[in-house]
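Structure first, commentary second.
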Amino acid sequence: MSFFRFGYILGLIIGALWGAIIVIVIAISFSLLTGEPITPSLTGAMPTGAIVALLVILRRPNISLFFQTILIGLISIILLTLFRFAQPLGIPLWQNSLTQILGLIFFAFALVWPLTKFFNELPIGKLTRHEFEEAIIRFLMGFGYLFFILIVAIPFFIMVMTSLKSQQALLLNPLDYSLDISRGWALFRSYIELFNDYSFGNYLINSFFVSIITVLVTLLFSVPGAYAVARLRFKGQAIMSRSILLIYMVPMIVLALPIYIAFSMVGLRNSIFGILLIYPVTTIPVALYMLQGYFRGLPFEVEEAGLMDGLTRLKVIWQITLPLSLPAIASVSLYVFMIAWNELLLAFMLLDDPSKFTLTRGVAMLNSSEIPRQHLMAGSVIATIPIMLIFLGLERFMTKGLTAGSVKG
């Protein structure tokens, strides 16, 4: 291990690995955008990354960092082009020149800027244990961020691009995800047909209605239940507190058949009311578990002061505890909404009438050989975008609510 604890050796290794990672990402992106099979040029990217890493470590502190970054970026483009004999991305430069130029600019930026972060103030000579471990950790964090962004972004990109394709283009080259802007508004033909011919507007309304009612019913039962478990003293409190999540030990697929039989016998199958009865059963336990941890973290002295001022227990909950618990309630509401919005198994088993379909049930209906694939992808986009926007808008409340109960105040 001591052999690797030199700045220049560590730089060569990490630079070569990072260069290989970046060129693989560019090759995948290039293939998705152009529909042409691109082979990652590792033989050019790895030595380029190694040399660039050394240049980053050797950069001068008395010269503008911006100027040095631009200069090293240009050097990385030249090196990759030379190492690959004027085929930096695996194809000649005169083919798809504009796309390749953009790819090379991205390669230079994605190579130089992260390496600058990895090797911030790293000496070229022998490293201390702290310097060595910090450089390794920064590299692993950069790889982790890039990896998880890609596994989320690539499927979403494919889904969106496929939904904007025509049937003829999909049959001609299913792997070509480039966009034909000349089609104009015809790009959105799949979305228009989903709302006009497949009643996706009705599915959206049903999903919003079911999800919102599920949130309200869940909060109605889980807030007082969680408060009772966290604050009150009664026989069986410990057993109840520990057994809240026992329902999740039984897979839903095991419960699905008894639920289907019972709902069929009492006439609740194929009804929105039946869905609204069963969804809270799956969300109340997790809401109870999340809220009781938060309530335990609230200072009990605040509630005692309210009781001493003459407030009843219910007024203390309404006027003191609930306002203090808004971050936790917001995070639980968002989480429950996401569960209800994305639920498919029960909706698929219990709903047969298209007029009562939720959005996930409607998307599942599109998974048929008789329906064009771009319609299925368009339906998936419609189902994804609302919950994504809601999550991004309320994510700060969810983070605050999930962490607030972890430390007692």
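So here's what we get for this one:
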| quantity | calculated |
| --- | --- |
| Pair list, Cβ < 9 Å and 6+ apart or interchain, from the stretch 214-238 residues that are without any contact (Cβ under 8 Å) to a residue 24 or more places away in the chain to residues that are outside any helix (DSSP H, G or I) | A228/F234 |
| Residue, nearest to the chain's Cα centre (by Cα), within the stretch 107-146, restricted to residues that are over 21 Å from L80 (Cα atoms) and among the hydroxyl-bearing types (S, T, Y) | Y145 |
| Residue among A108, A27, A50 that alone is under 30 Å from M159 (Cα atoms) and at pLDDT 85 or above | A108 |
| Positions within the stretch 282-316 being surrounded by fewer than 20 Cβ atoms within 10 Å (Cβ to Cβ), aliphatic (A, V, I, L, M) and touching a residue at least 24 places away in the same chain (Cβ under 8 Å), in sequence order | V286 |
| Index of the failed condition, A53 passing every other in (1) closer than 14 Å to I21 by Cβ; (2) surrounded by fewer than 20 Cβ atoms within 10 Å (Cβ to Cβ); (3) of a type outside the set (S, T, Y) | (2) |
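The values are calculated or read from the model by the stated rules, or taken from the named source; none is laboratory data. Remember, it's a predicted structure, so these values are computed and weren't measured experimentally. Cβ: placed from backbone, ideal geometry, glycine included. Neighbour counts: every protein chain shown.
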